[in-house]
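In what follows, a single structure is set out as structure tokens and then discussed.
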Amino acid sequence: TDPQREHWPVGWKPTAPPRQSAPKLYQFRTIEIDGYALSEAIAALEGHMGAPAIYDELILAREADDPLKKDVRLKRQKTFLRRALDSLLSQARLAGEVRVDETGQPFYWITKFGKDSPRARE
């Protein structure tokens, strides 16, 4: 896929701060994860997020080793959900951000960290 070619974006940055767009991601919880694949950990947390996790399937399919199968750990701590997710994603060299769809509904976009990361283009 040509990155210069015009395409429909996967959501947009919310006009409100992420904390207002997806407030459940910023609620404090006691979280501990040990002995699970990243995809399992995200699935377990997704019910508490108040927004679905959406994967950048095109970018993740390019990886030789599936980053979603990587075992991840998070020692028991009280933290907000967004920080826990970011920590888990970083263990697999992935990145996430809050985006909104065309109706203004938030979702948590997960893609590869690096040149394809939305943060790298800003």
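Looking at the chain, the accessible area is 64 square angstrom per residue; that uses a 1.4 Å probe and ignores ligands, DNA and RNA. Applying 0.36 nm per residue to the separation of residue 37 and residue 83 and subtracting their alpha-carbon distance, the gain on full extension is 14.8 nm.
How much length is gained if the chain between residue 61 and residue 113 is pulled fully straight, taking 0.36 nm per residue apart and subtracting their Cα-Cα distance, in nm to one decimal?
Contour length minus the Cα-Cα distance gives 17.3 nm.
Projecting the Cα atoms of 27, 100, 14 onto the dipole axis of the chain, where Lys and Arg carry +1 and Asp and Glu carry -1 at the beta carbon, places 27 farthest toward the positive end.
Count the lysine pairs in the chain whose Cα atoms lie under 19 Å apart, taking only pairs 8 or more positions apart in sequence or on different chains.
So the count of such lysine pairs works out to 6.
Computed on the chain, with alpha-carbon pairs under 8 angstrom and 6+ residues apart, the relative contact order is 32 percent. Per the Kirkwood formula applied to alpha carbons, the chain shows a radius of gyration over Rh ratio, Rg over Rh, of 0.96. Rounded to the nearest 20 debye, the dipole size of the chain about its Cα centre is 640 debye, using +1 on the Cβ of Lys and Arg and -1 on the Cβ of Asp and Glu. Surface composition of the chain: carbon plus sulfur atoms contribute 49% of the solvent-accessible area (1.4 Å probe, protein chains only, all chains present).
The values are calculated or read from the model by the stated rules, or taken from the named source; none is laboratory data. Keep in mind that what you see is a predicted model, and the values were worked out from it rather than measured. Methodologically, a virtual Cβ is constructed for each residue, glycine included, from the backbone with ideal geometry; neighbour enumeration extends over all protein chains shown. Just so you know, the surface numbers come from the protein's heavy atoms only, side chains and all, with ligands and any DNA or RNA stripped out. Shrake-Rupley method; radii C 1.70, N 1.55, O 1.52, S 1.80 Å.
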